[in-house]
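Taken together, the values in this text are just the output of simple stated rules run on the coordinates, not laboratory data. This structure is a prediction, so every number in the text was calculated from the model and none was measured. Heads up, the Cβs are rebuilt from the backbone with ideal geometry, glycines too, and the neighbour counts pull from every protein chain shown.
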Amino acid sequence: MTGPTKKTALLKTSGTIAKKSARKAAPSRVAVFVATRKGAWIFKGDPTRKTWSADGPHFLGHIISQIMLDPRDGKTLLAAAKTGHLGPTIFRSTDFGKTWKEAGRPPAFAKAKDGKRGRVVDHTFWLTPAHANEPNVWHAGTSPQGLFRSEDGGVTWDAFSTINDDPTYREWMGAEQDGTPDGPKMHSILIDPRDPKHLYFAMSSGGVHETKNGGQSWDVLVDGLEVVDGFDANTITFHDPHCVRMCPSNPDRLYQQNHCGIYRLDRPSTKWIRVGRKMPKRVGDVGFPMVVHPRDDKTAWVFPMDGTTVWPRTSPDGKPAVYATRDGGAHWERQDKGLPQAQGWWTVKRQAMTADAKDPVGLYFGTTSGELWASRDEGKRWSNIARHLPEIYAVDTADLK
Amino acid sequence: MKVLIPSPLRPYTQQREVDAKGATLGEILEDLDRAFPGIRFRMIDEQDHVRPHMRFFINGEQVFDMDRALRPSDEIQIVQALSGG
């Protein structure tokens, strides 16, 4: 099956029109992969990251949960897709999206024994390339919660470890109505760059989990995490991590945006510290995305959301802002220059904010109202890359050599 | 046997109507999947249940039973349910 139609357009940011020939070429460019409710786009920046060209839509009309480039080969793209009517699948491209082929066997739960009610993958939600020494290996998290692995670059997928059918894990995963409004999620699959057998994952709901033996056994990592008032933190089902990230410069440091605050964990400790207590009280520390600096484990970014009353899931007071810490969460700084100063009633989903590896670091987020924003200076100033896209579900970057 | 393909599945078949072989509706879908890999899973989930918004008609009659026996002259229509907004 070949790829859907796509169009290319030259865009401008901050009023600057692209001038290809006038700039000295930098060693690499950044590509931003945008997954939306109605398709996927690839934005390619010039070497200065001031102007961006849009390549898309790919899979127009498909619900794309994530589109990601394999950093190990620099050419394999995977896209997790479904439509409102058709079942879920994964598409794969090895020519940067010119053509796509469907996975031969997408993630799917085991068939239930006669008389038992089996689970059905509604969509693949999360994609993670495995360790650098495991070429072609990918992990995927689904909704409802399932953990899958491909060892052939995303062509065929099988259950990874036994948790999908483990009675204890099934209890912790809860029923489908226990999860987020569009289904409970398996997410934040993190690989220790020092050891391919050391992995983490998180479940909304169902807590954070760690294996040190390649998935043969798992430990729960919820100590220190709070749960909603009135519930028992000892019950794993009540734990709702929204997004967990591992610091590339220090894999022993994890940051987490949880339903109940922002946390940091420094291994070998198993106790999360609620660093979100230092956020301004008026803003709070509820949100979905979590972004870490590629080279500095003290720096991280969040995008707070209104989680009061009925959970409006908008920017607090309609004033969107990123918050950055430069000291591991002891202090937080508001970063809203260039963003709407009022009447900005959107927010950012858990996969829809990310960083590149440049210096200074570029930050990118996509909004529930279909806007793509970028900062070339680690959040000090923001500019808009695209408007009028469908609701954005995920944003990822890659360095194009 | 003639099978009418709905537009969301035509990226697989490239045609509005295709031929498939089988003694039952279930066998027809398996034959379609051999010819157009992946198409069955978009309609039938891993528990062998028809996905919520897919419908099958044989000679205009809606059918839910995958074991429904077919005659060579039967015409099968696969339909995307009129749901959503």
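Extension gain, A:ARG334 to A:ASP229: 0.36 nm times the residue separation minus the Cα-Cα distance gives 35.0 nm. Taking the Cα centre of chain A as the origin and placing charges on Cβ (Lys, Arg +1; Asp, Glu -1), which of A:PRO312, A:PHE43, A:SER161 is farthest toward the positive end of the dipole? It is A:PHE43. In chain B, a dipole from Cβ-located charges (positive for Lys and Arg, negative for Asp and Glu) runs towards its positive end, and of B:PHE64, B:MET1, B:TYR12 it is B:TYR12 whose Cα lies farthest in that direction.
Counting only Cβ charges, +1 for Lys and Arg and -1 for Asp and Glu, the dipole size of the stretch A:228-357 around its Cα centre is about 200 debye.
By the gyration tensor of its Cα atoms, with a ≥ b ≥ c the square roots of the eigenvalues, what is the shape of the stretch A:152-271: rounded for a/c under 1.5, prolate for a/b over b/c, or oblate? Verdict is oblate for the stretch A:152-271.
With 22 Å as the limit on Cα-Cα distance, the pairs of A:LYS212/A:LYS271; A:LYS50/A:LYS358; A:LYS82/A:LYS319; A:LYS185/A:LYS349; A:LYS116/B:LYS21 that go past it are A:LYS82/A:LYS319; A:LYS116/B:LYS21.
Projecting the Cα positions of A:THR347, A:GLY329, A:MET279 onto the charge dipole of chain A (unit charges on Cβ atoms of Lys, Arg, Asp and Glu, taken about the Cα centre) puts A:THR347 furthest along the positive direction. Rank A:PHE148, A:PHE109, A:PHE33 by mean-square fluctuation in a GNM of chain A with C-alpha springs under 10 angstrom and give only the top-ranked residue. Ranking A:PHE148, A:PHE109, A:PHE33 by mean-square fluctuation puts A:PHE109 first.
I want the antiparallel fraction of DSSP beta bridges within the stretch B:2-80, as a percent rounded to 5. About 80 percent, rounded to the nearest 5.
Karplus-based coupling profile of the stretch A:161-171, in residue order and whole Hz: 6, 10, 5, 4, 10, 6, x, 5, 5, 4, 5, with θ = phi - 60° in 6.51 cos²θ - 1.76 cosθ + 1.60 and x standing for Gly or Pro. In a simple Cβ point-charge model (Lys, Arg +1; Asp, Glu -1; nothing else charged), the stretch A:282-398 has a dipole of about 180 debye relative to its Cα centre. Calculated translational diffusion coefficient of chain A (4 °C, 1.567 mPa s; Stokes-Einstein with Kirkwood radius over alpha-carbon pairs) equals 61 µm²/s. For the stretch A:49-157, the Cβ-based charge dipole about the Cα centre amounts to some 280 debye (Lys, Arg positive; Asp, Glu negative; other atoms uncharged).
Beta bridges assigned by DSSP with both partners in the protein assembly as shown are antiparallel in approximately 95 percent of cases.
Per-residue Cβ neighbour counts within 10 Å put A:ASP396, A:ASP327 in the sequence A:ASP327, A:ASP396, beginning with the fewest.
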